[in-house]
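So the structure is just underneath, and the comments pick up after that.
The values are calculated or read from the model by the stated rules, or taken from the named source; none is laboratory data. A quick note: this is a predicted structure, and the numbers were derived from the prediction, not measured. Every residue, glycine among them, receives a Cβ derived from its backbone with ideal geometry; neighbour counts consider all protein chains shown.
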Amino acid sequence: MKNRLRVLRAERHWSQEQLANALGVSRQTIHAIEAEKYDPSLPLAFKIARLFGRPLEEIFFPSVEEA
């Protein structure tokens, strides 16, 4: 799944560690999501959307292969 997490995080000048702490996950989880090697669980995806004040569809979207 494609995502805009790295861009949104950079807009706030947050490190991966800071975002991980805010979400209650590891820095490695944030790295894996940003690298599109791991799709977050639905509860985590909603938590990310709430933290950034954006709808899920603005953060996560299917890749060309998934569409």
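Within segment 39-56, residues that are touching a residue at least 12 places away in the same chain (Cβ under 8 Å) have Cβ atoms under 7 Å from residues that are surrounded by 16 or more Cβ atoms within 10 Å (Cβ to Cβ) and of a type in the set (Phe, Trp, Tyr) in these pairs: Ala45/Phe60, counting only partners at least 6 apart in sequence or on another chain. If only residues of segment 1-10 that are in a helix (DSSP H, G or I) and in contact with a helix residue (DSSP H, G or I) (Cβ under 9 Å, 6 or more places away or on another chain) are counted, the one that is surrounded by the fewest Cβ atoms within 10 Å (Cβ to Cβ) is Arg6.
Considering only residues in segment 20-66 that are in a loop (DSSP other than H, G, I, E, B) and among the aliphatic types (A, V, I, L, M), the one that is modelled with the lowest pLDDT turns out to be Val64.
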